[in-house]
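Here the structure comes first, spelled out in structure tokens, and everything after it is commentary.
The values are calculated or read from the model by the stated rules, or taken from the named source; none is laboratory data. Not measured: the values here are computed from a predicted model. Note that each Cβ is placed from the backbone with ideal geometry, even for glycine, and that neighbours are counted across all protein chains shown.
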Amino acid sequence: MTQLVQALVLGLLIGGVYALMASGLTLIFGVMNIINVAHGALLILVAFLTWKTWSVTGIDPILLAVVMTPLMFGVGWLLYKGVLSRISGSSPGMSVLLTFGIAITIEGILNVTAGNKFRSATPSYFSQSFRILGISLPKAQVYGCIAAVLVLGLLYVVLAKTWTGRAIRATAQNPSGAALIGIQASGVAALAFAIGTATTGVGGSVLSVLYPFFPASHYDWISRLLGIIVLGGMGSLAGALVGAIVLGLAETLTATYVSLQWSTLIFYAVIMIVLLFRPQGLFGSRLRQDVMA
Amino acid sequence: MLTLSGIFAGYGGGDVLQGLDLEVPTGAITCIVGPNGAGKSTVLRVVSGLLRPRLGTIELDGTRLDRLGCAGVLGKGVAQVPQSQALFPQMSIRENVLLGGFTLRRDKRLLNQRFERVADLIPIVRERSHDKAGNLSGGQRRMVEIARCLMVEPTVLLLDEPSLGLDPMSLTGVSQLVRDANAAGTTVLLVEQNVRLGLSMATHGVVLEGGRVRLEAPAHELMANPEVAELYLGGAPATHGAGAHPTVPQPVDSGTVG
């Protein structure tokens with residue numbers, strides 16, 4: 001029983017971190033129909049920057065998210081204004097091609113500047129755990145999950161309670177309708193892309209501690225993150241959260257009771273089964289207007 | 001007075017509007033009719049800023065609108081209800097209507113006042129406040145779209161095919177809303193395929209063909225015009241004057257083009 005609770009708690013902690021990493025990806029898709037394949041590479045870029053700063057200065061890698069987040073907000077803004085705005089209104093397929101180009105450019109730069117080997121930030125608490133009621137909670141996972149909850153909570157508040165958030169959601173749901181009520185679509189798109197990219201600031205910092213990484217790790221990460229948002233419903237923040245927790249639980253339960261090798265396979269099997277019955281994903285809702293002829 | 005002079009505009013495959021000159025009198029309900037492809041909806045899009053004209057000028061009481069973009073045009077008091085799907089389907093009706101006051105967002109008190117006023121005027125805004133807009137019927141959606149536009153208390157209201165897909169009951173409601181808005185001082189420019197309905201609501205009528213104004217006259221004169229009757233009213237000139245009958249004409253196809 002303790003083993004099951006342990007696996008469930010770990011699954012939730014990991015799921016929270018996955019949700020943090022997937023939130024920006026789903027936000028960007030929801031607002032702009034851009035499938036940002038470079039999201040994984042941006043996470044790895046931040047992980048490298050965090051690892052390097054930590055190894056030189058000794059500053060806590062998860063705390064470095066405070067610096068990385070605004071930095072990545074700026075990177076996101078520039079990427080949108082300089083590159084992605086040029087394919088505004090194109091099909092999502094075009095965005096896959098363009099952002100894949102950005103991803104392999106980042107991978108190439110990291111290969112040249114940082115070398116093609118595994119890294120991992122290992123702060124003092126790296127191998128320590130909290131023990132509560134016989135359950136072991138790795139400190140790094142707990143801190144990572146706390147960062148994830150904070151960011152996701154902030155994102156929710158911004159999207160649901162502020163005019164900026166309403167403008168972002170309105171543009172996501174109906175760009176020309178948004179224009180007609182005075183929302184400047186290009187400004188909102190740049191802002192949404194910047195916010196989505198800013199989440200990699202926190203996600204990458206957490207990743208640098210929780211998972212060993214190297215430049216090409218982004219392929220693995222983008223596959224997982226796309227799986228999460230497809231499962232949850234493309235563009236849905238709540239869907240990303242649930243999809244991420246399903247992935248976290250699938251991984252830990254399979255690793256505990258079957259074998260680590262099977263954990264990812266089980267997750268993709270879950271995606272296939274869910275999509276058979278709900279092609280729109282768990283949280284992709286179908287409204288009256290969606291089924292009207 | 002809303003004035004369009006020498007407008008050329010299109011979507012990349014040539015100009016749809018070819019030197020359009022049009023004057024929309026202040027305080028009037030002006031209805032544009034014409035065959036499919038004449039450029040009726042394009043007129044509204046260039047006025048609202050959704051489409052920038054290639055040549056020509058648009059002025060509202062002497063102020064240029066044609067280079068302002070949607071937000072700028074809205075700021076000058078011109079709001080558009082497009083042909084379809086203008087709402088944000090995943091948001092509640094309350095949120096949709098409040099978003100109509102996006103440009104007033106810094107004045108929370110004014111925003112709430114306007115919302116209450118609009119909700120008094122259009123009951124569905126209050127009755128189904130928390131329902132998602134994507135779950136409304138076509139007629140209900142149109143009501144909410146108009147409600148959203150009224151949040152800015154527009155001086156000019158642009159309506160694209162207000163009758164599209166509506167049953168007779170909804171048509172009555174929408175027609176009444178248009179008349180009420182006009183009675184409150186709003187200039188209305190509407191595009192309508194249902195010529196009989198459009199002209200019966202309007203005080204002025206415009207026939208558009210090939211991106212230019214072919215005929216322009218008081219609506220009741222246009223309805224009595226044999227050429228218009230032949231082309232758009234099924235051959236029989238209307239027997240009643242425009243605006244004299246607030247009830248919606250029978251929804252028969254004879255008054256519909258295309």
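Among the residues of the range A:174-188, what is the count of those that are more than 7 Å from chain B (Cβ to nearest Cβ) and either of a type outside the set (S, T, N, Q) or not in a helix (DSSP H, G or I) (or both)? I'd like the intermediate steps shown before the answer.
In the first step, residues of the range A:174-188 are kept if they are more than 7 Å from chain B (Cβ to nearest Cβ); the result is A:175, A:178, A:185-188.
Adding the requirement that they be either of a type outside the set (S, T, N, Q) or not in a helix (DSSP H, G or I) (or both) leaves A:175, A:178, A:185, A:187-188.
Selection size over the range A:174-188: 5.
Scanning for something part of a loop (DSSP other than H, G, I, E, B) and either of a type outside the set (D, E, K, R) or within 14 Å of another protein chain (Cβ to nearest Cβ) (or both), does the range A:130-153 turn up at least one residue?
So the first thing to find is which residues in the range A:130-153 are part of a loop (DSSP other than H, G, I, E, B), and the list is A:133-134.
Then keep just the ones that are either of a type outside the set (D, E, K, R) or within 14 Å of another protein chain (Cβ to nearest Cβ) (or both); that gives A:133-134.
Within the range A:130-153, one or more residues are part of a loop (DSSP other than H, G, I, E, B) and either of a type outside the set (D, E, K, R) or within 14 Å of another protein chain (Cβ to nearest Cβ) (or both).
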So, of the residues in the range B:33-87 that are surrounded by fewer than 20 Cβ atoms within 10 Å (Cβ to Cβ) and part of a strand (DSSP E or B), which turns out to be farthest from the chain's Cα centre (by Cα)? B:L55
Given (1) surrounded by 22 or more Cβ atoms within 10 Å (Cβ to Cβ); (2) touching a Leu at 6+ places or on another chain (Cβ under 6 Å), where does A:T171 come up short, assuming only one miss? (2)
B:G12 - would you say it is outside any helix (DSSP H, G or I), surrounded by fewer than 19 Cβ atoms within 10 Å (Cβ to Cβ), out of contact with any helix residue (DSSP H, G or I) (no Cβ under 9 Å at 6 or more places or on another chain) and within 14 Å of chain A (Cβ to nearest Cβ)? yes
Please go through the range A:51-82 and pick out each residue that is within 17 Å of the chain's Cα centre (by Cα) and not hydrophobic (A, V, I, L, M, F, W, C). A:T69, A:P70, A:G76
State the number of residues belonging to the range B:1-60 that are farther than 23 Å from B:M201 by Cα, charged (D, E, K, R) and touching a residue at least 60 places away in the same chain (Cβ under 8 Å). 1
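Would it be correct to say that B:F102 is farther than 25 Å from B:Q176 by Cα and either in contact with a Lys or Arg (Cβ under 6 Å, 6 or more places away or on another chain) or crowded, with 17+ Cβ neighbours inside 10 Å (or both)?
Details: farther than 25 Å from B:Q176 by Cα: yes; either in contact with a Lys or Arg (Cβ under 6 Å, 6 or more places away or on another chain) or crowded, with 17+ Cβ neighbours inside 10 Å (or both): yes.
In short, yes.
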So, A:T171, is that one touching a residue at least 24 places away in the same chain (Cβ under 8 Å), out of contact with any helix residue (DSSP H, G or I) (no Cβ under 6 Å at 6 or more places or on another chain) and within 14 Å of chain B (Cβ to nearest Cβ) or not? no
Mind listing whichever residues of the range B:151-167 are under 20 Å from A:I181 (Cα atoms) and either free of Cβ contacts under 8 Å to residues at least 60 places away in the same chain or at the interface with chain A (Cβ under 10 Å from one of its Cβ atoms) (or both)? B:M151, B:V152, B:L158
Which of the residues belonging to the range A:151-168 are in contact (Cβ under 8 Å) with a residue 12 or more places away in the chain and within 19 Å of the chain's Cα centre (by Cα)? A:V151, A:L152, A:L155, A:Y156, A:V158, A:L159, A:I168
Boolean, A:T199 is surrounded by 24 or more Cβ atoms within 10 Å (Cβ to Cβ), in contact (Cβ under 8 Å) with a residue 40 or more places away in the chain and within 14 Å of chain B (Cβ to nearest Cβ): no
Mind checking which residues of the range B:169-198 are modelled with pLDDT of 90 or more and β-branched (V, I, T)? B:T186, B:T187, B:V188, B:V191
Output for the range A:99-112, where each listed residue is crowded, with 19+ Cβ neighbours inside 10 Å and under 17 Å from A:N33 (Cα atoms): A:T99
Would you confirm whether any residue within the range A:34-56 is free of Cβ contacts under 8 Å to residues at least 40 places away in the same chain and either in contact with a Cys (Cβ under 8 Å, 6 or more places away or on another chain) or farther than 30 Å from A:S263 by Cα (or both)? yes
Can you tell me which residue among A:S129, A:S120, A:S136, A:S124 is in contact (Cβ under 8 Å) with a residue 60 or more places away in the chain, loosely packed, with under 15 Cβ neighbours inside 10 Å and more than 30 Å from B:G49 (Cα to Cα)? A:S136
Being of a type in the set (A, V, I, L, M, F, W, C) and either more than 7 Å from chain A (Cβ to nearest Cβ) or out of contact with any helix residue (DSSP H, G or I) (no Cβ under 7 Å at 6 or more places or on another chain) (or both) is the filter here; which residues of the range B:72-90 pass it? B:V73, B:V78, B:A79, B:V81
Checking B:S129 against (1) without any contact (Cβ under 8 Å) to a residue 40 or more places away in the chain; (2) under 17 Å from B:L150 (Cβ atoms); (3) assigned to a helix (DSSP H, G or I), which single condition isn't satisfied? (3)
Looking for something buried (at least 20 other Cβ atoms within 10 Å of the Cβ), in contact (Cβ under 8 Å) with a residue 12 or more places away in the chain and not in a helix (DSSP H, G or I) - is there at least one such residue anywhere in the range B:137-147? no
Of the residues B:T30, B:T26, B:T103, which is away from every other protein chain (no Cβ under 14 Å) and not in a loop (DSSP other than H, G, I, E, B)? B:T30
Considering every residue within the range B:125-132, establish whether at least one is surrounded by 19 or more Cβ atoms within 10 Å (Cβ to Cβ) and more than 14 Å from chain A (Cβ to nearest Cβ). yes
